[in-house]
2 protein chains.
Amino acid sequence: MKQINVGLLGIGTVGGGTFNVLKRNQEEISRRAGYSIKITKVADRDIARAKEITAGAAEVTDDAFSVVSDPTIDVVVELIGGYTLAKDLVLKAIENGKHVVTANKALIALHGNEIFAAAQKKNVIVAYEAAVAGGIPIIKALREGLAANKVEWIAGIINGTTNFILTEMREKGLAFADVLGEAQRLGYAEADPTFDVEGIDAAHKLTIMSAIGFGIPMQFDKAYTEGITKLTAKDIRYAEELGYRVKLLGITKRTEDGVELRVHPTLIPEKRLIANVNGAMNAVVVKGDAVGPTLYYGAGAGAEPTASAVIADLVDVARMHNASVDQRVPYLAFQPEQIKPLAILPIEAISSAYYLRMRASDKPGVLADVTKILGDRQISIDAMMQKEPQDNETEADIIILTHITVEKNMNAAIAAIEALPAIVGSVTRLRMEELGK
Amino acid sequence: MKQINVGLLGIGTVGGGTFNVLKRNQEEISRRAGYSIKITKVADRDIARAKEITAGAAEVTDDAFSVVSDPTIDVVVELIGGYTLAKDLVLKAIENGKHVVTANKALIALHGNEIFAAAQKKNVIVAYEAAVAGGIPIIKALREGLAANKVEWIAGIINGTTNFILTEMREKGLAFADVLGEAQRLGYAEADPTFDVEGIDAAHKLTIMSAIGFGIPMQFDKAYTEGITKLTAKDIRYAEELGYRVKLLGITKRTEDGVELRVHPTLIPEKRLIANVNGAMNAVVVKGDAVGPTLYYGAGAGAEPTASAVIADLVDVARMHNASVDQRVPYLAFQPEQIKPLAILPIEAISSAYYLRMRASDKPGVLADVTKILGDRQISIDAMMQKEPQDNETEADIIILTHITVEKNMNAAIAAIEALPAIVGSVTRLRMEELGK
C-alpha cells in the first residue's frame, strides 16, 4: 500500500493522541484512505517523552526545522501552538513543498491570509479541521457540506472551558471565581485562563468560521471580544427564570451593512438545542438560506477528539496530495481570487436584543422613567420582571428584555438610565439571540 | 469559467428546490466550486410544470432516457424515487460514463452494492448525501470527517414524519391515529404513510449509514423494522415520568458477534440532546472511538434542505469529475476491496435495556412473581413504577425499566410474565438506549 510520511511537530496532549489513534486504528484508517499514513518523524523539546510515546516507531528529534526540511516527509502536522515558532515552521514547511495540517487556531486566525497565500504559490494543502471545535467536523461541513448555501449566520459554543464554567455556575449557583478554581483543579481550565475566559480563543475560532462562511479574509483584529469574568450567578438565575440560558457564544452574521463578528455571553431560549449543550462540550449552529439551521455537536478539545480531526485532515491530504488545484477544496472554502473583503461592523453597529438588569430604589415612577427612556429611542420591551426588595433592602432588581435594536442606541439608553437618580450603580447588559429561523 | 452540465431527472419538490437554489445562489456556489454548475436538461412526466419552473433556462423532455444518454451531460441528478425506473436510469447513466447524484435512499439501500460496482467499473462518481437526513451533511461527516475513528455505533432520528407525530403525541397527549390525521392535513405525512410510520424509510437510511460506518455491504433485508403505529400516549407519558423521551431511532452498532441494525421506538434519557429534537427535524449521533459522541442536526426533508445536499454533491462532483480513483472518497467510505461483510444480528440476538408495561390485578404477590421471573433470567431491574388503580378499576399498570440483557432472554421473560394469572393481556415492551459513552 502507498504510504504517506508524516512529520509531527509537538507530541504533547494532542500530538500524543494523534500518534496513538493513528497506531490503534491504522487498519481502519488505511481501509478508508487507501494509504498507510505513518508518523515517521517527531520533533519535541522533551525528547525523552517523545521516545516513550513513539516507542521506536518514529525518529525523534528536538530540532523541528529538521523535520520541515526532511525530503522524506510528505506532510507536516503542527501541534506546537502559539504564533511565532509555529508560524516560522509552517511557512518553512510550505516553502519546502510540504503539505501542512494544523490544530492552531491562533495561527490561522492571525496569519491565515499569509499562510494560505504562501501555500497557494507552492501548490500545497494547509488543513485545519482541528483548529475549530476539536473533533466536530465543522470546517468540512462549512467548506463542503453546506456549499450550496448563502450562509446567513453562524453561532457557536466553541470554548469548552467557559462552557464548563457556565454550566457549573448555573447548576450550582456558584460565582465565576469559585468555579474557575474548580475547573483549574479538574484540568478544564489552564493556570492562566485569560485566553479562554476572556473569549479570545473563541474569537480565533469564530474568525476562521466567519471567513469560510462568507468568503472573506481573516480579520481577527476586528472581532469584538467579551468574556465571562463579570458574569454573575444572579444574572444566570434571572435569565433562567425568563426561559433563557447564558452561553459564551461566538456569533458571526452577514448583514446589509457588513459582517458582525463578536464573542460575548449571550441569552438563548432554553428550548433551543444549543442552549442545552453543557459541560465542556462544543456545538455550532450554521444557518444557510437553503438548508435552514443545522447544528454540529461534540467534544471541542481533548487528546483523541482533536486527533480525530487532525487525522481526518491527513486522510484528505493523502488522497489529494497529488491532485490539481481545481480538484482541491479551496483553503477558505471560496476560490482564492473570490475572497472578497466585507467590512466587519464595530460593536456599536451590531443589532441585538438585550437583557438589562438594574438596581432601583423602591420608589414610584422609576419604571415609568426607564420605559420612557427606552421608548424614546424606539427600543421596545419584550418582557419585564421586577423583584421584590429583600428584607432590610430598599432597592430591588428590575430585569428588562428588549426587542432588537442597534447597540449604539442601547448604549445611549443605558447611559440615560444610569443617570436616573433612582438607579443605583450601573446597568448590567447582556445580548440575546433567538437562533431560530 | 468551466461549466458542469447537469441533467435533472424529476423536477418535483426536491427537483424544483434544486433548480431554484442553484439559480438563486449560482454566484456563491461558483465562487466556491470554481465551476459554473448548470442544469441544462430536465426530464419530467409533467412537461408543463417543468417548463414553468425552468422558464427557458433548460431543455425539457419527458424522456428521461434521452437525458442519461445525452453526450453533453456530465452529471445526472436522479430525483424520481422508487427502485425500478430510477435503477434503470442510474445504471444507464453510469454505463454512459455519467456521474450520478441521487437523493434516493431506497435505491441505495436496496441496490447500492450493484450500483457502486457498476460505477467503479466505469470510473464514475455516485454521490448520495441527500439520501440520508436531508440537508444534514451526515454522509460527508461519516465518510470523511470521522475517518480516523472506529465507529462504535450510530443512532438517529432519520424520519421527520414520525418525529413530528411523536412530538405531537407527547405535547398534546394524543393518540397515534389522531396525530397522523393532523400530520396528513399539514403535509407532514403522505396519504399512504406506511413507509414512514412502519420505519421502512428510516431503515433505508440506517442501512446506508451502517454500511459507511462499518465498511460493510448494504444489507437492508436484514434490518429489523418496527414502527410507531402501536405506540400509545400512555407509554409516552409513563416514559416521561421516568425521565425519558420516546423517539423512533435507527440504531446500528458493531458488537463482537456482529452488527445490530434496527429501527424501533426507543426510550432515551431526556437530558440527551437528541431526546430534545422535536417536530419534523432530524438528528444523528455518531460514536467514534477517538472523537466520542458527535451529533448532527437539521432539516431531514423539504425542497431546499434536500437541494442543499444534492448541490453539495454536485460541487464535489464538479471538482472531482476528472480525478483519479485514488483521489476520490470511496463510495462506501472504505476502499471497495476493503468492504468486508459482517453478520447482521437477528433481533433476538441484540442487547438492550427495556421498558415493560403490564396490567396486573391488584392482588398481593404479583410484583414478587414478576421480579422473580426477571431475576431467574439474570435481568436486573433499574426502576419500577406502580400506578394506583383508578376508581372503579381492579387492575393497575406496572412499569419496569431493566438493565441491558439479550432480547431472546427478554422474550422468554415476557412470555413467562404474560402467563401469570394476575397479568391481564400482553406486556408492552419498548427498548431503551443511553446514547452516552
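The values are calculated or read from the model by the stated rules, or taken from the named source; none is laboratory data. Not measured: the values here are computed from a predicted model. Neighbour counts are summed over all protein chains in view; Cβ atoms, including those assigned to glycine, are modelled from backbone coordinates with ideal geometry.
Observations, loosely collected:
- The criterion of being assigned to a helix (DSSP H, G or I), surrounded by fewer than 24 Cβ atoms within 10 Å (Cβ to Cβ) and either aliphatic (A, V, I, L, M) or in the same structural domain as A:Phe220 (by TED's automatic domain parsing) (or both) does not hold for A:Ile108.
- Selection count where residues are among the polar types (S, T, N, Q), within 19 Å of B:Glu337 (Cα to Cα) and crowded, with 24+ Cβ neighbours inside 10 Å, scope segment B:200-223: 1
- Summed over segment B:302-328, the residues that are in a loop (DSSP other than H, G, I, E, B) and either at the interface with chain A (Cβ under 7 Å from one of its Cβ atoms) or crowded, with 23+ Cβ neighbours inside 10 Å (or both) give a count of 1.
- Just one of the listed residues (B:Glu393, B:Glu388, B:Glu407) is among the acidic types (Asp, Glu) and at pLDDT 95 or above, namely B:Glu407.
- Annotation note: of A:Val68, A:Val60, A:Val14, A:Val21, the sole residue that is touching a strand residue (DSSP E or B) at 6+ places or on another chain (Cβ under 6 Å), crowded, with 24+ Cβ neighbours inside 10 Å and in the same structural domain as A:Ala130 (by TED's automatic domain parsing) is A:Val68.
- For A:Glu337, the conditions (1) touching a His at 6+ places or on another chain (Cβ under 8 Å); (2) free of Cβ contacts under 8 Å to residues at least 40 places away in the same chain are fulfilled apart from (1).
- Residue that is within 14 Å of chain A (Cβ to nearest Cβ) and over 21 Å from A:Asp316 (Cα atoms), where the choices are B:Ile157, B:Ile138, B:Ile165, B:Ile115: B:Ile157
- Screening A:Gln327, A:Gln386, A:Gln390 for residues that are outside the structural domain of A:Lys247 (by TED's automatic domain parsing) and either under 22 Å from the mean Cα position of the chain (by Cα) or within 30 Å of A:Asn149 (Cβ to Cβ) (or both) leaves exactly one candidate, A:Gln327.
- Test result for A:Lys140, touching a His at 6+ places or on another chain (Cβ under 7 Å) and buried (at least 24 other Cβ atoms within 10 Å of the Cβ): no
- Of all residues in segment B:385-437, exactly one satisfies the criterion of being surrounded by 17 or more Cβ atoms within 10 Å (Cβ to Cβ), of a type in the set (D, E, K, R) and assigned to a helix (DSSP H, G or I), namely B:Glu407.
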